[in-house]
Amino acid sequence: MKYLINKIKIFIITIFAICVSSCTDFLDKNPLDQISSETFWRNEKEVDMALAGVYNRLNSWTFRHKDGSLDVMAGDAYGTVINLAQGLIEPTSGSIINTIYNDCYRGISSCNFFLDNVEKAPLDPARLVVYKAEVYFLRALFYFTLTEFYGGVPLYDHSVTIDEAIVKQSPKETVIAQVISDLDFAIDNLDNIPYSDGHAVKGSALTLKAKVLLHQEKWQEAADVANEVIQDKIFSLHDDFRTLFLASGQNDNPEIIFSTRFLTPNFTSDLDIRFSWHGILNPLQQLVDAYECTDGLPITSSPLYDPSDWKSNRDPRLIMTIKGYTDKAYNSAGEEVVFNYNNISASQYNPVKYCNWDALPIDYSTQSEQDWIHLRYADVLLMYAEAKNEASGPDQSVYDAINEVRTRTGVDMPELPLGLNKDEMRERIRNERRVEFALEGIRYGDVKRWKTIEDYVPTIEDPGGAMRQFDPSKHYLFPFPQSERDINPLLDQNPYYD
């Protein structure tokens, strides 16, 4: 199945290369009008090609591995964008300040172009609505991502000319309303089946909607949507945490609900080059210390913790996520493999998650094909637990959801103790999210919405002695790139960045 959707993408590259070449102005928000309405959209095959081109927008920095940049921003790692993590964030900073904005609007442009034209094709009405539902889901993903970083943004629900694109940003609430509307259309029209061939399904849209609602603190609504995914019983936890993040374990994986997909040799990632050779992401000691001991107690109180042996008697997810810089490793055949890092780890730790040790030793010819997971069932369970706890406290369903994650096969951590109050449960859920989703780019959004980032990040001293900074008056949002404001004078800068 993974092979099929990527083969379709191969056909679309040439066509979309023509389209994109006409869209370098104004961040690709002008119409992709190099595809002629008279010569395209003639049959379902061409619609499939166009749809694959829209999905191919996920093959961008923002929707791939991001080099772990968001985990650096969250305070769990050292590496790329460390200058931003230390508070040096300005409209001219470039880097992810520009990249996230550009990647999302390129995706939105492709979605709008598809939706504006797909009805020209002679399609069965039932097929047409599914095509549109997939693209509405993708547009919702792009817009939600924008709101997470920039707040209110310019809102376009159709292809626009350059002049039409020069507009003031819409309030965040208006953009989120559009996101929810797009997701509701997708939920109503996508098939309620497992995620297997790269196409969004109903569970993808439900899970993203639960996440959007959770981030708006609409607790009961988020719990209800997440619970719909749980009760459908279409998705479940994978029984091998390590291979969940490797290509060998990702085909038809019951835990994966939506991902950016890769397949050698045509659609490859540089993930192993970046993580397992260049060593650009170094987990920090604070993250290592967040993992409990096997008795379910934190290292500060467990008699099992041995400071001289950080890996012993610890939550098994720790060594399936993080390795010591000098630690040995073994491939799937049980053979010792040698790392050829060309950077010494600043923290003395390196990632394990998403790293394919069968590819070692690594050089520039290494082609990775681990799919980057955006939505997975463990997140559904922990979103439900958090939202339900915030809405009405820690009832049995909250315990059941979080314990299902903790006791998954191969992890087998103890269930949470009974009798936790709402505040105590909140702290346990938050730590569970930290260790379960470590190095997946999720924690930055979590610590911002919890408003804990402003207290935690300034306590971090990076290797080399620089202290992290987070100014709560401005850093909850990125600035709009200055290059964008130069083009769109109606775009108001986010507070305190002028």
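Here, each number is a calculation from the coordinates, and none is a lab measurement. What you are looking at is a predicted structure, and each value in this text was computed from that prediction instead of being measured. Quick reminder, even Gly has a Cβ in these numbers, built from the backbone with ideal geometry, and neighbours come from all protein chains shown.
Observations on the structure shown:
- The C-alpha atoms of the chain define a longest principal axis, and helix 2-21 lies at about 50 degrees to it.
- Alpha-carbon centroid distance for the pair region 58-106 / region 293-318, whole angstrom: 32
- Lysines with Cα under 18 Å of Lys353, excluding same-chain neighbours fewer than 8 positions away: Lys66, Lys311, Lys323, Lys328
- Once you divide the Cα radius of gyration of region 40-175 by 2.2 N^0.38 Å, the number left is 1.22.
- Classified by the C-alpha gyration tensor, region 372-465 has a prolate form. Its axis ratio a/c, with a ≥ b ≥ c, is 1.5 or above, and a/b is larger than b/c.
- Of the three principal axes defined by the Cα atoms of region 385-431, the extents in descending order read 31, 17, 14 Å.
- Considering all C-alpha pairs of region 157-208, those separated by over 18 Å amount to 50%.
- Table column - 3J(HN,Hα) (Hz), region 491-498, Karplus curve with 6.51, -1.76, 1.60, x for Gly and Pro: 7, 7, 5, 5, x, 6, 9, 6
- Around the Cα centre of region 105-264, unit charges on the Cβ atoms of Lys, Arg, Asp and Glu (plus for the first two, minus for the last two) sum to a dipole of about 320 debye.
- Angle between the chain longest axis and helix 96-117 axis [Cα atoms, degrees, rounded to 10]: 40
- Of every Cα-Cα pair in region 172-276, the percent that sits beyond 21 Å: 45
- The chain: Rg to Rh, with Rh as the Kirkwood radius over Cα pairs: 0.95
- Counting only alpha carbon atoms, the long axis of helix 172-189 and the longest principal axis of the chain meet at about 80°.
- Proximity of backbone amide H atoms, modeled 1.01 Å from N, is registered between Arg408 and Met413 at under 5 Å, excluding neighbours fewer than 5 places apart on the same chain.
- Amide proton proximity set for Ile322, modelled H, under 5 Å, gap of 5+: Val352, Lys353
- Once both labels are positioned 7 Å from their Cα atoms along Cα-to-Cβ, the gap between Gln286 and Ser312 label points is 2.9 nm.
- For region 270-330, the list of trypsin sites (Lys or Arg not before Pro) that fall in a loop by DSSP and count at most 16 other C-beta atoms within 10 angstrom reads Lys311, Lys328.
- Separation of the alpha carbons by more than 18 angstrom is noted, of Lys218/Lys388; Lys168/Lys211; Lys218/Lys451, for Lys168/Lys211.
- Its Kirkwood hydrodynamic radius, worked out from the mean inverse distance over all distinct Cα pairs, puts region 202-359 at 18.2 Å.
- Neighbour cut-off at most 12 other Cβ (10 Å), DSSP loop, chymotrypsin sites (Phe, Trp or Tyr not before Pro), region 347-408: Tyr364
- Only alpha carbons enter this Debye calculation for region 443-496, each as an equal point scatterer, and the log10 of I(q)/I(0) it gives at q = 0.12, 0.13, 0.21, 0.28 Å⁻¹ is -0.40, -0.46, -0.83, -1.04.
- Phi-based couplings in Hz for region 45-54 (Karplus 6.51, -1.76, 1.60; Gly and Pro marked x): 4, 5, 5, 4, 5, 5, 5, 4, x, 5
- Taking 0.36 nm per residue of sequence separation and removing the Cα-Cα distance, the Asp295/Tyr456 pair yields an extension gain of 55.3 nm.
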